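Report on one structure; see the data block that follows.
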Amino acid sequence: MSHSCECLDHVVGKTARREYTVGTTDTAIALGSGSVNVLATPMAIAWCEAATTAALAPAICSNCTTVGYKIEFAHLLPTPVGESIYSSALVESVSGDRIVFAVELGSAEVQVGKGKITRVRVDQRTWAN
């Protein structure tokens, strides 16, 4: 990424939160990641990633985007179909083009998952070409 881009200069501390209701298409059975009818870990991670991109959205410039780089996630409790859940992300640090987030998945009563997601800023005009 170009050293002249400053879109990540002031994102530490930014947060985002997303709300979901677990549906039948979000389950381990539906995604093929398990044999139980509860929120699938891959979907839990995807919802946390959505919160990370939302936390950066107001700051990221039109030439940049971010891509997933590293995920450390503990899926602590099952979440049944029909339950409301949130994902949240906090920008903890930025080092060059790497952005580290603390993420959480939970309901009003309990923490369902937690971890760290690292994303990398790239020039979207040239990265995937």
Matching residues, region 1-25, being modelled with pLDDT of 95 or more and more than 16 Å from the chain's Cα centre (by Cα): T21, V22, G23, T24, T25
Residues satisfying the stated conditions in region 112-129, i.e. farther than 14 Å from A54 by Cα and touching a helix residue (DSSP H, G or I) at 6+ places or on another chain (Cβ under 6 Å): G113
When region 17-28 is examined, which residues are found to be in a helix (DSSP H, G or I) and either surrounded by fewer than 15 Cβ atoms within 10 Å (Cβ to Cβ) or of a type in the set (K, R) (or both)? T24, T25
Unique residue being of a type in the set (K, R) and either part of a strand (DSSP E or B) or in contact with a Leu (Cβ under 7 Å, 6 or more places away or on another chain) (or both) when the list is R125, R121: R121
Criterion: surrounded by 20 or more Cβ atoms within 10 Å (Cβ to Cβ) and farther than 21 Å from R17 by Cβ - qualifying residue of R98, R121, R125: R121
Considering region 96-111 alone, what residues qualify as being farther than 15 Å from E49 by Cα and in a strand (DSSP E or B)? Q111
Kindly indicate which of V100, V38, V81, V91 is closer than 18 Å to K14 by Cβ, β-branched (V, I, T) and touching a helix residue (DSSP H, G or I) at 6+ places or on another chain (Cβ under 7 Å). V91
Check R125, R98 and return the single one that is more than 15 Å from W47 (Cβ to Cβ), of a type in the set (K, R) and at pLDDT below 95. R125
Which ones in region 74-95 are surrounded by fewer than 18 Cβ atoms within 10 Å (Cβ to Cβ), in a strand (DSSP E or B) and without any contact (Cβ under 8 Å) to a residue 60 or more places away in the chain? A74, P80, S95
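The values are calculated or read from the model by the stated rules, or taken from the named source; none is laboratory data. All of these numbers come straight from a predicted model, not from anything done at the bench. Virtual Cβ from ideal backbone geometry, glycine too; neighbours counted across all protein chains shown.
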